[in-house]
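None of the figures in this text is laboratory data; all of them are computed from the coordinates on show. All figures in this text were calculated on a predicted structure; none of them were measured in a lab. Ideal geometry is used to build each Cβ from the backbone, glycine not excepted, and the neighbour counts take in all protein chains shown.
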Amino acid sequence: MIADGSGTSSALAPEGLVPVPVSGLRASSLSFALYIRRNESEAPQLYRGGEYPLENADLQRLAKRGVETLYVRSSDHATYRNYVLDGLARNDRLTPPERYKIIREVYRVVFDEAFRADTLDPMIEFTEEIGAELAEAICDNEIVLGDLFSLMEHDTGTYTHSVNVATYSLVLAKALGIREMPQLRAVATGAILHDIGKRQIQLSVLAHPGPLSPQQQEEMRCHPTIGFRDLASRQEISSGSHMMVYQHHERIDGTGYPVRLTGREIHDWAKICAVADVFHAMTSQRSYREALSACKALQYLEDQADVTLDGGVVRCWTAIMSNSLNP
Amino acid sequence: MLDRDHEQLAQSVAERLDCQVELPESWSGFFDQTGWSSSGEGDRRRFPRLKSRTLAVLEYRHTLSSVPRESRRYAVYLKDVSRGGVAFMHHEQLFPAERMRLIMPCDKARELVGQTDWIVEIIRCVRVGARCFEVGVRLVEPEPSTCGK
């Protein structure tokens, strides 16, 4: 497939194949076959068998032709993922944003499959894996949020939203003093899962163009309760992560949902998730409105500080973003 | 007859427990209301609800790892009862999927749901006042320790 300027997100994968970004490949031996699509009208063809190593010259030729996406068999995706993550661990020349981008892309396919699965098991497994990877990529490095913000996709697709909210939540959690990696992983887990209850909301409501009717709003407002209930028996998920799922729409003045909790009744991590969620929602394109600029979204958050959103979390976020956008 | 004894026991336990619920001032007529609750537009409930405004006993059980609970009994105010579930008022938040024991000293409840001592599962919880949460529960099964009485 020829470069589409958006990584693999818009690549329509032929059946049985999943798109993978060329940026995640390196000159090395492979244990999976790669396929290439020369143009949109043709089926992908074998590019490199798993028994043949990939050379630097191959990568250079692909770059010269503007090929950003290749394909692997879906049955090979787990092998491919391990190959990429192993490469990330060895490659100290990658910048933190490059590392982050590769992690995000490599998990996209896993998320899509897990989100559609009948049970929550694949989703939990996925969340723990990507949560750990994101926590390490973001919190082990002095990452500049402005760099990340510019390479993030700003749409409301479930994967984009989950990963972006997890990214913002991690940056916030770290800035607010959460330092232990198990806790940061738990923050990432809760943020990735925060909208898991939407799996059970009708697509006609989720994808409704324009403002929702009162009945649709009522249905949409069930998603934190559904998410919490579905995860309730999962002992591997921490209490804080559970509360991020349940309370990310609560507001400190009691105007939120589902319970109408106030101030201290809301878990600190849910307050972090709320700010990240609102910021990403505002800076994302909707079917009925353009994405707002980061500056306008920050202005809105400042207006809500100590009114509906936790003032300390908002001030921390505006300080981080202001420094990142105007270094 | 044993059922009637059980109801009286439940009533006396509920009265002895300190009910910490503070109903909103605007709910002054709460205990006077009787009869069937009217359904609003878009109401998706399966069964009609009977207003049953009386004390009941809620016994906490620890069923979710994310929500620590000590085994304790509280007096709650029943609001209404249907064949599938119960609504009651409690002074603190309960979480979806928690399971607890609910003992209802109420003839009308027994007529509707067969018996008054149930394991219930929390479905929803919404604040209506500073120390007042409306809790909706699903009736899961009769409390095993009283089955057959």
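Within a Cβ distance under 11 Å of A:G131, other residues only, what is the Lys/Arg minus Asp/Glu net charge?
Its environment carries a net charge of -4.
Under 29 Å Cα to Cα from A:K174, which lysines show up? Leave out anything in the same chain fewer than 8 places away.
A:K101, A:K198, A:K271, A:K296
List the lysines whose Cα lies under 23 Å from the Cα of B:K51, skipping any in the same chain that are fewer than 8 positions away.
B:K51 reaches B:K79, B:K108.
At q = 0.08, 0.12 Å⁻¹, what is the base-10 log of I(q)/I(0) for the protein assembly as shown according to the Debye formula with one equal point scatterer per Cα and no solvent? Please give it to two decimals.
For the requested q values the scattering log ratios are -0.58, -1.06.
Give me the inter-chain shielding for A:209-216: mean count of other chain Cβ atoms within 10 Å, whole number please.
1
Quick one: go through the range B:88-129 and flag any residue whose amide nitrogen is under 18 Å from the point 7 Å out along the Cα-to-Cβ line of B:R53.
B:88-91, B:105-109, B:128-129
In nm, to one decimal, how far is the A:R73 label point from the A:R289 one, both placed 7 Å along Cα→Cβ?
4.8
Averaged over peptide B:63-70, how many Cβ atoms belonging to another chain are found within 10 Å of each residue's Cβ?
5
Would any residue of the range A:67-94 have its amide N under 18 Å from a label point 7 Å out along Cα→Cβ of A:S28? List them or say none.
Within reach of a label on A:S28, which here means backbone N under 18 Å from a point 7 Å along Cα→Cβ, the range A:67-94 contributes A:70-73, A:76-94.
Provide the net charge surrounding B:E59, with neighbours chosen by a C-beta distance below 13 Å and charges set as Lys +1, Arg +1, Asp -1, Glu -1.
Around B:E59, the surrounding residues sum to +2.
Testing the spin-label approximation: label points 7 Å from Cα along Cα→Cβ at A:D306 and A:E180. State their distance in nm.
Each label point lies 7 Å from its Cα, and together they span 3.2 nm.
How are the Cα pair distances of the range A:94-325 distributed, in percent, across 10 Å bins from 0?
Distribution as computed: 8, 34, 41, 16, 1 percent.
Given the DSSP H assignment, sum -39500 (n - 2.57) over each helix run of at least 4 residues in the protein assembly as shown and divide by its residue total; what's the result at 222 nm in deg cm²/dmol, nearest 500?
Value at 222 nm, helices only: -12500 deg cm²/dmol.
I want to verify a result. In a Gaussian network model of chain A, Cα cutoff 10 Å, which of these has the top mean-square fluctuation: A:P122, A:P19, A:P214?
A:P214
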